[in-house]
Amino acid sequence: MRALHAVVVGALIGLAVLAAGCGGAIPSADGGPATLKLDGRYLVDAQGHSVYLFEKDEDGESYCSDACAAVWPPLETSTAPQAGAGVQGGALGMIKRDDGDMQVTYHGHPLYYYAADASTPDRTKGEDIEQFGADWYLVSAQGDPVEKSDSGSKSNSGSGGGSGGGGGGY
């Protein structure tokens, strides 16, 4: 019994360390100010991190929580989001998530980061993939999904050109 207890405690400590190490790698507004700008054909935050929309979301409501939100962290803020170059200020908004946090929206779409992009600006590994029951897309200046073929040379997905599942197993 003691051996099992030690294994379980060790596993929990390992997961906590892993989560803490990954937490800094995933971009987050941490509830602070959120500014969006246009980077070529898709929206990014002020530091150049790509943001995505989830096609399952509807009527300004997020359907990504728990495990989904761990892979696709919501772009959260505690203040009104700001429009940078190429972004329509009137299209920015916020919704209240089930956990009480405020998430940035653009043209009614809740916005997310992708954990596999980590903290690397201009990375678009979440581009045009299906996870958690629907497709994920970069967001155009008009608030529309940017199809993979539409994003041109800005993509840095490293996927070798295949559309695949893009990080399956989640």
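In percent, how large is the relative contact order of region 28-154, given Cα pairs closer than 8 Å and 6 or more residues apart?
32
Return the Rg/Rh value of region 28-154, two decimal places, where both radii are evaluated on C-alpha atoms and Rh is the Kirkwood radius.
0.91
Normalise the Cα radius of gyration of region 51-124 by 2.2 N^0.38 Å (N = residues in it) and let me know the number.
In units of the 2.2 N^0.38 Å rule of thumb, it is 1.06.
Every number here is computed from the coordinates shown, using simple stated rules; none is lab data. What you see is a predicted model; the values in this text were computed from it and never measured.
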